[in-house]
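See structure below.
The values are calculated or read from the model by the stated rules, or taken from the named source; none is laboratory data. For clarity, every value in this text was computed on a predicted model and none was experimentally measured. Here the Cβ positions follow ideal geometry from the backbone for every residue, glycine too, while neighbour counts run over all protein chains shown.
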Amino acid sequence: MSKNTTLFLLGIFFTLSVLLSLSNTVNADEDKSIQFYHSGKILPANLPFSELVRVGNTLYLSGQLGVVPGSLNLVPGGIKEQAAQTMENIKAVLEAHNYSMKNVVKCTVMLADISEWGTFNKVYESFFSKPYPARSAFGANGLGLGAKVEVECIGAVES
């Protein structure tokens with residue numbers, strides 16, 4: 001084997017070693033940037049989902065219902081009471097992990113009866129100040145536990 005061929009092969013080996021090393025470092029950093037949280041303060045910890053997942057600077061909150069914290073029982077009353085408890089539950093999940101409603105940038109609202117949108121909106125509005133998060137709302141044909149409303153949110157954390 002010629003000296004040039006040997007140097008060429010050593011160069012390729014070195015380059016591949018560096019790339020492999022960098023790849024492992026990036027993957028290790030990516031693994032550390034995904035964090036799963038469940039405080040157990042709102043929903044029982046044995047449910048098959050995390051209440052909040054942080055990926056980099058983005059927060060993903062599982063949908064919340066108007067349940068009494070620590071149970072799977074909806075608060076008594078109608079849309080107004082369930083909406084208020086739903087929003088309190090979102091606030092509590094965020095605060096349990098050192099975030100706040102100011103971190104929320106997008107909400108998706110699911111209503112069992114879309115005609116109750118106005119009532120929900122009045123409650124929702126009291127939990128935020130301008131500038132409001134982006135939001136979408138739609139009527140659903142049935143929600144978990146027979147709830148009248150479910151809200152899921154996406155948040156952001158400044159780097």
**Prompt:** Among the candidates Pro76, Pro48, Pro44, Pro69, which residue alone is at negative phi, exposed (fewer than 12 other Cβ atoms within 10 Å of the Cβ) and modelled with pLDDT of 95 or more?
**Reply:** Pro76
**Request:** From the list Val53, Val18, Val26, pick out the single residue that is out of contact with any Ser or Thr (no Cβ under 7 Å at 6 or more places or on another chain) and at pLDDT 95 or above.
**Result:** Val53
**Request:** Spot the failing condition for Thr119; the list is (1) in contact with a helix residue (DSSP H, G or I) (Cβ under 9 Å, 6 or more places away or on another chain); (2) within 25 Å of Phe36 (Cα to Cα); (3) of a type outside the set (Phe, Trp, Tyr), and only one is missed.
**Result:** (2)
**Request:** Have a look at Gly56, Gly63 and point out the one that is within 19 Å of the chain's Cα centre (by Cα), of a type outside the set (D, E, K, R) and surrounded by 14 or more Cβ atoms within 10 Å (Cβ to Cβ).
**Result:** Gly63
**Request:** Name the single residue, out of those in region 123-150 being surrounded by 13 or more Cβ atoms within 10 Å (Cβ to Cβ) and charged (D, E, K, R), that is nearest to Leu43 (Cα to Cα).
**Result:** Glu150
**Message:** Can you list residue pairs whose Cβ atoms sit under 6 Å apart, with the first residue in region 44-58 being of a type in the set (D, E, K, R) and the second being assigned to a loop (DSSP other than H, G, I, E, B)? Count only pairs 6 or more apart in sequence or on different chains.
**Reply:** Glu51/His38
**Message:** Residue pairs, Cβ under 7 Å, 6 or more apart or interchain, first in region 62-80 and touching a residue at least 12 places away in the same chain (Cβ under 8 Å) and within 21 Å of Val109 (Cβ to Cβ), second among the small types (Gly, Ala, Ser) and assigned to a loop (DSSP other than H, G, I, E, B). List them.
**Reply:** Ser62/Ser50; Leu65/Ala147; Gly66/Ala147; Leu74/Gly66; Leu74/Ala147
**Message:** Which condition from (1) more than 20 Å from Gly56 (Cα to Cα); (2) surrounded by 15 or more Cβ atoms within 10 Å (Cβ to Cβ) is the one that Val104 breaks?
**Reply:** (1)
**Item:** Selection count, region 123-159, where residues are touching a residue at least 40 places away in the same chain (Cβ under 8 Å), within 20 Å of the chain's Cα centre (by Cα), within 22 Å of Val75 (Cβ to Cβ) and not in a loop (DSSP other than H, G, I, E, B)
**Value:** 7
**Item:** Every residue from region 109-122 that is surrounded by fewer than 16 Cβ atoms within 10 Å (Cβ to Cβ) and either modelled with pLDDT under 95 or outside any helix (DSSP H, G or I) (or both)
**Value:** Asp113
**Fill in**
Residue hits (region 45-97; of a type in the set (Lys, Arg) and part of a strand (DSSP E or B)) are Arg54
